[in-house]
Amino acid sequence: MQRPFYITTPIYYVNARPHIGHAYTTIAADVIARWHRLAGRETYFLTGTDEHGSKVAEAAAKAGLTEQEFCDRTAATFVQAWENLGIRNNDFIRTTSPRHIKAVRKILDAMRAAKTADGQDVVYSDYYEGLYCTGCEKFLTEKELVDGKCPYHRTEPEKVREKNYFFRLTAFLPTIRARIESGELRILPEERRREVLGLIDQELGDFSLSRERVTWGIPLTFDDAQVAYVWVDALSNYISAIGYADDREMFDKWWTNADVVHLMAKDILKFHCLYWPAMLLAAGEKLPETLFLHGFFTVDGEKMSKSLGNQIDPNDMVAEFGADASRYLVLTQYPFGVDGDIQASRFVTQYNSDLANDLGNLVSRVVKLIQAHCDSKIPASFGKADRLDVLQQIAAQTAEAAYAHITEFRLHAAIAEGLTLCRATNKFFNDTAPWKMAKAGKFESLDTVLYSCCEALRIISVVLWPVMPAKMNELREVFGLDESGLTLDDATTFGKLQSGGEVKLAKPLFPRLEKKKDKPDAGAQSDPNDKGSPNEDGLLDISEFGKVQLRVAQVLTAEKVEKADKLLKLQVDLGSEQRQIVAGIAQHYSPEQMVGRKVIVVANLKPAKIRGIESRGMLLAAKSKDSLYIVTPDGDLPPGSGVS
Ligand code: MSP
């Protein structure tokens, strides 16, 4: 009997709305949990929200709400976002819930009562003086500052002196090192393991376990003038949700006797790999088996940040691509574990090629032939067909290979197994050309080929189910299957599908998506992000780009357009001629700022009418969600100069 499997995500701060970074880890955990369930393992998947600390109190005050109201509101957006993404977590833990508070108080008591091996108190009181960043919820060292400021929040930390209770971390580091080195505590990937061992070598100090200045937190059991340090509070969620406070049976099942995996990005390594194991050792509980710290990603090459406005809202992705395709797209951008880039600009192209084409189209083609030649019933297999051996071989090992990847956290490789089978089935279908068999009256061969395609698709529906559960259920319904036969075991033999059942496909599994077109309005006229008409792989031919004539122009006059907040009407000098251009830049530039400015104009556009005013050209501008900057040549060139 395999031990039960318990997987967690970090609990996310409620002072931000869910974004694609949170979604990434949550989807990954959901996929891993679903795979283990497929393999028949008892699995528990926990996520939740981290709701205490001064940042939350500040955000609540700003929003004019009580802290609890504020937390309730944001926690609900996380719950909703995960539901929209098809996340099937067993529980959602909130650090302001009574069960969590009770558990934190219990672990505080346990740590307070604990002694180190040489008989010292694990928790002791002392004064702490330091530089505190409210953004990070932590004290920073002088070394960490850049120009005297927090490198992440770009704000000066406050100098703080307060009475604190300390946790004797130093006493536990040798044990933690030994557990890591023996493999009892697995830290993955290897690079992260080395990082943790390096941190231990740096002779870290003890950490402060409480805060005097923060009020929005859990009061210490032994000094109610202080609240528990947010990380002590937050890390305890992993056990508070599974009965640590008052359900020992549940706790033993999902912690003491389970295989515990904490999943997160590498940003919170120190807390999880050192503080948390030390807290557990002090409290006399076993350690988690595995900590997997995946990489950090940028979006289209840029670091995600609120100020840049490039944080993708998972709900927007779901609205555009659906839950399943969003899950697929997010996880297939780069290998799981390393740092990477999420290429949001290529989502549509990738959706069309992997999902609409390779998978959706295959299903439609197979179903069409079955409807036309097999009375809409799953045909019988007559055992032999050209090239069938190759397909059977690939298909029969796909599910086990994919699951083996999952147990090593190679999510991208597991998904690739499904896609490889899909491409092999396409190849088999194209190479055997069953439509020709139908014409030639070779019905046994036709049946065998079509049956084999259905069978490969059934296996695909299992292998890709953890990443695209709703769509794979739809695929299973095509063959009259439901979730009951959805097991890893079922996917390891080729030939299980019963013949004779009805085949029906109401609508394409993944309808093709159109790339967004230029909108014929002023916004688009000044929007260089909108792409023209890229070909299948999203790239323009050089000849296509060469058609665009760009010229330097100088703005002669500028005025606001009546009743249109966004528009400025410009007269520009293009060297050989003067032109009128209406540009959607009024919220970013005043008429005064524009006059005399050199700009770059797309000069060979057909004239357009914007709010009834003729516009002959577009200005180039760089923009993000909230900002827009006109592109200006870096040198004094005469109007009319070419741009290449
Ligand atoms: N509340 C703490 C965690 C406490 S757990 C006991 C916290 N919250 S957070 O909201 O900042 O979430 C951090 C986590 O969000 C990362 O560890 C990672 O799982 C996810 N990510 C946020 N941005 C991300 C990327 N750009 N790339 C990858 N993961 C991303 O820290």
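The values are calculated or read from the model by the stated rules, or taken from the named source; none is laboratory data. These numbers were taken from a predicted model, which means no experiment stands behind them. For neighbour counting, all protein chains shown are included, and Cβ atoms are generated from backbone atoms with ideal geometry for every residue, glycine included. Quick note on the areas: whole protein, heavy atoms, side chains included, nothing else; ligands and nucleic acids left out. Shrake-Rupley method; radii C 1.70, N 1.55, O 1.52, S 1.80 Å.
Take each peptide in 382-392, 333-343, count the other Cβ atoms within 10 Å of every residue, and average; sorted highest first, the result is 333-343, 382-392.
Across segment 67-215, Cα-Cα pairs farther apart than 20 Å form 69% of the total.
With the Kirkwood sum run over all distinct C-alpha pairs, segment 330-372 has a hydrodynamic radius of 12.2 Å. Given a Förster distance of 35 angstrom, what is the FRET efficiency for Glu614 paired with Ala61, based on the Cβ-Cβ distance and rounded to 0.05? About 0.10, to the nearest 0.05. Each of the peptides 241-250, 456-465, 14-23 was scored by the mean count of other Cβ atoms within 10 Å over its residues; in descending order, highest first, they stand as 456-465, 14-23, 241-250. Looking at Ala265, Thr141, Leu197, which one has the Cα that reaches farthest to the positive end of the dipole of segment 5-294 (charges on Cβ: Lys, Arg +1; Asp, Glu -1)? Farthest along the dipole direction, towards plus: Ala265.
Given all pairs of different Cα atoms, what value in angstroms does the Kirkwood hydrodynamic radius of segment 545-643 take? Result for segment 545-643 stands at 13.5 Å. Here the spin labels are modelled as points 7 Å beyond Cα on the Cα-Cβ line, and at Glu156 and Arg365 they lie 6.7 nm apart. All other residues whose Cβ lies under 11 angstrom from that of Glu562 are scored, Lys and Arg at +1 and Asp and Glu at -1, for a net of +2. With an 8 Å cut-off on Cα pairs and a minimum separation of 6 or more residues, tell me the relative contact order of segment 10-161 in percent. Once normalised by length, the contact order is 20 percent. Counted residue by residue at 0.36 nm each, then reduced by the alpha carbon distance between them, the extension gain from Ala440 to Asp339 reaches 31.0 nm.
Rolling a 1.4 Å probe over the protein heavy atoms leaves Lys149 with an accessible area of roughly 80 Å². For segment 347-465, the fraction of 1.4 Å probe accessible surface lying on carbon and sulfur atoms is 50 percent. For segment 217-291 versus segment 53-95, the spacing of their alpha-carbon centroids is 20 Å. Say a paramagnetic label sat at a point 7 Å from the Cα of Glu203, along Cα to Cβ; which residues of segment 109-133 have their backbone N under 16 Å from it? So the set is empty, nothing qualifies. When only the Cβ of Lys, Arg, Asp and Glu is charged (+1, +1, -1, -1), the dipole of the chain relative to its Cα centre reaches about 1500 debye. Applying 1/(1 + (r/R0)^6) with R0 = 35 Å to the Cβ-Cβ distance of Ser484 and Thr407 gives a FRET efficiency near 0.90. Judged by the mean number of other Cβ atoms found within 10 Å, the most tightly packed of the peptides 300-307, 82-89, 5-12, 314-321 leads the ranking 5-12, 82-89, 314-321, 300-307.
Panel values: the chain, Kirkwood radius from alpha carbon pairs, Stokes-Einstein at 37 °C and 0.692 mPa s, translational diffusion coefficient 115 µm²/s. What segment 343-491 shows is 39 Å² of accessible area per residue, with the surface traced by a 1.4 Å probe over protein heavy atoms.
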